[in-house]
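Report on the following structure.
Readers should treat all values here as calculations from the given coordinates under stated rules, not as data from a laboratory. Owing to the predicted nature of the structure, the values given are computational and were not obtained by experimental measurement. Virtual Cβ from ideal backbone geometry, glycine too; neighbours counted across all protein chains shown.
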Amino acid sequence: MSGSSYQKIYEVVKQIPQGKVATYGQVAEIAGLAGQARLVGYALHALNQDNVPWQRVVNRNGGISLQKDRREKSLQQVMLEAEGIEFLQLGKLELSKYQWQPF
């Protein structure tokens with residue numbers, strides 16, 4: 001995929017305010033890439049910019065998608081908790097409470 005698609009994704013993710021999250025699909029839709037939630041994941045995995053708050057993107061169920069050890073908090077969860085987000089259980093937050101609504 002082109003770098004311009006990744007850049008569109010990064011620009012959307014930069015808009016997610018502290019203490020809020022967006023889903024991969026939501027980011028894709030706002031970036032004009034509807035139906036390409038996986039592309040958002042690929043873009044965030046390839047991220048080499050420090051100013052993109054990647055931790056604020058979660059799956060459609062309010063879960064952290066990539067968690068190596070399901071018994072320990074991931075870096076993403078630790079970073080989100082530092083922003084004031086509370087988790088219902090390990091790796092899962094209440095999406096209805098924390099989802100960003102840009103419109």
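Here is how the numbers come out for the structure above:
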item: Dipole of the chain, positive end: most advanced residue of S65, A31, G3 [Cβ charges, Cα centre]; result: S65
item: Cα long-axis angle, helix 3-15 against the chain (0 to 90 degrees, to the nearest 10); result: 40 degrees
item: Magnitude of the charge dipole, segment 3-98, Cβ model with Lys/Arg +1 and Asp/Glu -1, debye to 20; result: 220 debye
item: Mean separation of Cα contacts under 8 Å, 6 or more apart, over the residue count of segment 3-98: relative contact order %; result: 28 percent
item: Net charge of Cβ neighbours under 15 Å - reference V57; Lys, Arg +1; Asp, Glu -1; result: +4
item: Nonlocal Lys pairs with alpha-carbon distance under 18 Å, the chain (8 or more apart, or different chains); result: 4
